[in-house]
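The values are calculated or read from the model by the stated rules, or taken from the named source; none is laboratory data. Predicted model, so just to flag it, every value in this text is computed and none were measured. In this analysis, Cβ positions are derived from the backbone assuming ideal geometry, glycine residues included, and neighbour counts consider all displayed protein chains. Ligands, DNA and RNA are stripped out before the accessible areas are found, and what is left, the full protein with its side chains, is counted by its heavy atoms. Shrake-Rupley method; radii C 1.70, N 1.55, O 1.52, S 1.80 Å.
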Amino acid sequence: MDVNHYLRQHIRTIPDWPAPGVQFRDITPLLQDPRVFRILIDQFVHRYMAPELRPDVVAGIDARGFILGAVIAYELGVGFVPIRKKGKLPFATVSETYELEYGSATVEIHTDAVKPGSRVLLIDDLIATGGTMMAGKRLLEKLGGQVIEGAAIVDLPELGGSAALRAAGLPLFTLVDYAGH
């Protein structure tokens, strides 16, 4: 089975959302079908079971990164760390602000989320401009974590995020590439 093709068949494209000209890639159908969801999660779990890629902890980015990250962490037998939007975490936090197309946003992580030297897998559903994943990487590194790889279901390379992340030294793993779409 060609997993890339199989998963692509289950990603819904919504034209002109949230703005005219945008082709929104909706991953929720991947989560709704138990067989598709299992195949999706297994792609990540099998990759990160390899000793050279095995993390000590998985960090998921608010909000769809929570869905993927928590399940992957559970399957790998490691802890899970949420990277949240500003103001959502109850304990002491560190924060990182990043630029959006119109303005900026801030993400936070608890100060005790990772131990110095921890190998961290950083996961989200999609890489567009790369700003959120870059902010997550910086947060984890502020705490002494070593981000071994960034992972996502979808890469939208034409938006420049994956190239920027790689240029910043973050290896990436994605399952579906929408280059030229």
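The residues of segment 25-149 have, on average, 47 Å² of accessible surface per residue, using a 1.4 Å probe with all protein chains present. Contact order, relative form, for segment 1-142: 19 percent (alpha carbon pairs under 8 Å, 6 or more residues apart, mean separation divided by residue count). Is the chain best put as rounded, prolate or oblate by its Cα gyration tensor, with a ≥ b ≥ c the root eigenvalues, rounded for a/c under 1.5, and otherwise prolate when a/b is larger than b/c, oblate when not? Because a/c hits 1.5 or more and a/b fails to exceed b/c, the chain counts as oblate. Taken about its Cα centre, the chain carries a charge dipole of roughly 340 debye when the Cβ of each Lys and Arg holds +1 and the Cβ of each Asp and Glu holds -1.
Suppose a student asked you for the relative contact order of segment 61-181, using Cα pairs under 8 Å spaced at least 6 residues apart; what percent would you report?
After rounding, I find 22 percent.
Pairs of Cα atoms under 8 Å, at least six residues apart: use those to get the relative contact order of segment 57-120, whole percent.
Relative contact order, segment 57-120: 31 percent.
Using a simple spin-label model with pseudo-atoms 7 Å out from Cα toward Cβ, L100 and L53 lie 3.1 nm apart. For segment 82-181, carbon and sulfur atoms together expose 51% of the accessible surface, with a 1.4 angstrom probe and every protein chain in place.
Remark: segment 1-72 carries a charge dipole of roughly 120 debye about the Cα centre, counting +1 on each Lys and Arg Cβ and -1 on each Asp and Glu Cβ.
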